[in-house]
Each structure stands twice: as C-alpha cells, then as structure tokens.
Amino acid sequence: MPMRLLRAPLTWVVVAVLVVGAATALYWFQPWKLVTDTEVHEELVAVPSTAPSATPSTGSAAPPRPATPSPTPAGPVLLGGGEFVSHEHDTRGAARIVRTVDGRHRLELVGLDTSNGPDLQVWLTDQPVRTGPSGWRVFDDGRHVALGPLKGNRGDQAYEIPAGTDLTGLTSVSIWCERFAVSFGAAALTTAG
C-alpha cells in the first residue's frame, strides 16, 4: 500500500504543494531571525550635552550686553531625541536627530536593542507614539520618510536624512516591519532646547 501511494500522481502533487507552501512560509516569516542578532557599532556624532551658558559671571561689574543673534554653532547640534518604547517586540534605546558641522541631518539610534525580523525599515513619521497595541500600526497612516533598512537590531547606527527633507512635523521614529505593517518599537522626538 505505501509503494502504491508513492506512485500515485496525486501524492506527488500534494508533496509539491506542501514543499512550496513550507518554502513560502519560511521566506515570508523568516523565523530564524527571532533567534539571531545583527550588531552594528557605527561611530556616532559627539554632541555637547548642554549648551554653553550665556549668563555673565557673578563677579562681573559690567552691565550685560544687548542680545545679539547667536552665530551658527561651530560643532554638531542635537536637534531632538527620545527613548524607544516597545510595540510588537521589546525595544530599548534612544533616537536622536543631529545636524552635523557641514549642515547635513542624520538620525542616530543609540544603544538600540530590539528583535530581528523580516524587512525592517527605519522611518521618520508624523504620527504620535502610543504605548500598547493601539500604537503598533499607525505609522503608515500619515507622512513618513523612509531612511532605509535597519542595519542591525542591536547597537549604535546612523542614517542620513535626505537633503531637502522638511523635518517640520516629523515627530517620531519607528522601527517599521514593512512586510507585516507593524512597528517593532518607536521613539517620540522631543525638540532639544
């Protein structure tokens, strides 16, 4: 009886369908990424943690000078940042936007620690960051700027923001799984001041 089943054309059709189905599922879900990590250790921009004080020293007898427009800083400037919150997967670390000395903008992920997954992208978005399942799928609802594939699910990494990108209203960053339209984690970008 078993030899007879192996010779039947229907058996081979069923086997072929099962093999194709299993291969498709493996490609689509990539389950091995749940147990593998990719670490990235790119050099991040060194930005001053606080702005220099403009107040005169307490021992000065001279009257304060009138306010003058501040010159463009000579070094890099932290424009904003925030801490990641977990969405579909546990996510920790921070995101920050830095203007470099040459005037370019870049997003830096500092100490990122999240799950690996299929088709993970880094997005700047205009959507608010919400905790819990209600915040997992909102980032493709509005305006977003895709900065490219996530370089690694752990470590420090930087992404150039395309020249001419209007950062106005882009208030969050998401580690976005394009394949399943879900956020692994996101950070609200608070303006540095």
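Let's see how each residue does on (1) at pLDDT below 95; (2) of a type outside the set (A, V, I, L, M); (3) under 24 Å from the mean Cα position of the chain (by Cα); (4) not in a loop (DSSP other than H, G, I, E, B):
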site: 51; (1), (2), (3), (4): yes, no, no, no
site: 55; (1), (2), (3), (4): yes, yes, no, no
site: 67; (1), (2), (3), (4): yes, no, no, no
site: 80; (1), (2), (3), (4): no, yes, yes, yes
site: 112; (1), (2), (3), (4): no, no, yes, yes
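Using the structure shown, decide if residue 5 is open to solvent by 40 Å² or more (accessible area, probe 1.4 Å), more than 28 Å from the chain's Cα centre (by Cα) and modelled with pLDDT of 65 or more. First the steps, then the outcome.
Values: open to solvent by 40 Å² or more (accessible area, probe 1.4 Å): yes; more than 28 Å from the chain's Cα centre (by Cα): yes; modelled with pLDDT of 65 or more: no.
Spelling it out, it is not the case that residue 5 is open to solvent by 40 Å² or more (accessible area, probe 1.4 Å), more than 28 Å from the chain's Cα centre (by Cα) and modelled with pLDDT of 65 or more.
Determine which single condition residue 166 fails, assuming it passes every other condition in (1) assigned to a strand (DSSP E or B); (2) open to solvent by 40 Å² or more (accessible area, probe 1.4 Å).
It fails just one condition, (1).
Determine whether residue 189 is within 13 Å of the chain's Cα centre (by Cα), more than 27 Å from residue 36 (Cβ to Cβ), among the hydrophobic types (A, V, I, L, M, F, W, C) and open to solvent by 10 Å² or more (accessible area, probe 1.4 Å).
Judged against the criteria, residue 189 is a match.
Tell me whether region 117-127 contains one or more residues that are open to solvent by less than 70 Å² (accessible area, probe 1.4 Å), over 16 Å from residue 96 (Cα atoms), among the acidic types (Asp, Glu) and assigned to a loop (DSSP other than H, G, I, E, B). Please lay out each step first, then the result.
Of the residues in region 117-127, the ones open to solvent by less than 70 Å² (accessible area, probe 1.4 Å) are 117-127.
Still in the list and also over 16 Å from residue 96 (Cα atoms): 117-121, 127.
Then keep just the ones that are among the acidic types (Asp, Glu); that gives 119.
Retained after the next criterion (residues that are assigned to a loop (DSSP other than H, G, I, E, B)): 119.
The answer is yes; a qualifying residue exists.
The values are calculated or read from the model by the stated rules, or taken from the named source; none is laboratory data. Predicted, not measured: the structure shown is a model, and the values here were computed from it. Because the Cβ atoms are built from the backbone with ideal geometry, glycine has one as well, and the counts that use them run over all protein chains shown. Surface areas here come from the heavy atoms of the whole protein model, side chains and all, with no ligands, DNA or RNA. Shrake-Rupley method; radii C 1.70, N 1.55, O 1.52, S 1.80 Å.
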